[in-house]
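Contents: one structure, followed by commentary.
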Amino acid sequence: MTVTAVNYTEVVPLVDYIKSKYNIEFVALNRFIPNSYLPENINKMLIPTIDQLESTLSDLDILNSKYPDMNLKYAIHFPHCIIKNEKLRKYIGRCGFGEHYCSIDMNGNMQMCSYGGPILGNVFSENLIDIWNNNSTLNSYRSEDWMPKKCKDCTYRNNCVSGCKVSSGIDPFAPDILLNA
């Protein structure tokens, strides 16, 4: 489920329904990432607020109590420091772009992930291993050169890595102090 400002209150009912009907064992929530396919006013309407994200994490905690054997997480990450309730941070992972995955579209274009980002190369005309090992964008993310100093010094750095990397390095949910660092 992609969580938006419009549907964030539907997580618990949806999970309850699919758990009862299909006995699922894993739920991964995605966050809405604005894109060029939608008009700007629609993008703005769908972006959840930080309070709505935290509310969704609280719902995951409720669901975890109901279904302790179910694996629940937010699959599209955001900076851990924006979540006030530390116990809810366990439902947020870290972006694995450049470390564990990338995305390759049907035309062979390699990107950061299925949500987009710059084209890093094309596997039809270049060797995949060469792109993975030698691409300057990948190497920059791996070295964390792009990361604001505040993030580099943060306690949550290893679990967070400044949130979603598709958002040009610094996540739009990052506090203003990071965006201006």
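Sequence-ordered 3J(HN,Hα) estimates for the stretch 147-160 from the Karplus curve with 6.51, -1.76 and 1.60 and θ = phi - 60° stand at 6, x, 4, 4, 6, 4, 8, 6, 5, 8, 3, 5, 8, 10 Hz, glycine and proline given as x.
For the chain, the longest principal axis of the C-alpha atoms and the axis of helix 11-22 are separated by about 80°. Taking amide H positions as modeled 1.01 Å from N, with prolines and chain starts lacking one, the residues under 5 Å from residue 72 and 5 or more places away or on another chain are 27. If R0 equals 41 Å, the separation of the Cβ atoms of residue 140 and residue 70 corresponds to a calculated FRET efficiency of about 0.65. Extension gain for residue 41 to residue 132 (0.36 nm times residue separation, less C-alpha to C-alpha distance): 29.1 nm. Calculate what fraction, in whole %, of the accessible area of the stretch 1-48 sits on carbon and sulfur atoms when a 1.4 Å probe is rolled over the protein chains. Roughly 58 percent of what the probe reaches on the stretch 1-48 is carbon or sulfur. The 1.4 Å probe gives accessible areas that order 20, 143, largest first, as 20, 143. Average accessible surface for the chain: 55 Å² per residue, computed with a 1.4 Å probe over protein heavy atoms with every protein chain in place. Within the set (1) 189; (2) 140; (3) 108, the number that volume of the Cα convex hull per residue in Å³ takes when calculated for this structure is listed as (2). For residue 12, the solvent-accessible surface with a 1.4 Å probe is about 30 Å², rounded to the nearest 10.
Among 101, 22, 74, determine the one that fluctuates most according to a GNM of the chain built with springs between C-alpha atoms less than 10 Å apart. Greatest mean-square fluctuation among the candidates belongs to 22. FRET efficiency for the pair residue 125 and residue 100, taken as 1/(1 + (r/R0)^6) with r the Cβ-Cβ distance and R0 = 25 Å, rounds to 0.55. In order along the stretch 26-34, the Karplus-derived 3J(HN,Hα) couplings, from 6.51 cos²θ - 1.76 cosθ + 1.60 at θ = phi - 60°, round to 9, 10, 10, 8, 10, 9, 6, 10, x Hz, and Gly and Pro are given as x.
Each residue was assigned an accessible area with a 1.4 Å probe, and for residue 45 the value is about 110 Å². For the residues 160, 102, a 1.4 Å probe over the protein chains yields an accessible-area ranking, largest first, of 102, 160.
The values are calculated or read from the model by the stated rules, or taken from the named source; none is laboratory data. No experiment lies behind these values; they were computed from the predicted model shown. All Cβ positions, even for glycine, are placed from backbone atoms using ideal geometry, and neighbour counts span all protein chains on display. Please note that ligands, DNA and RNA were not included when accessible areas were found on the heavy atoms of the full protein model with its side chains. Shrake-Rupley method; radii C 1.70, N 1.55, O 1.52, S 1.80 Å.
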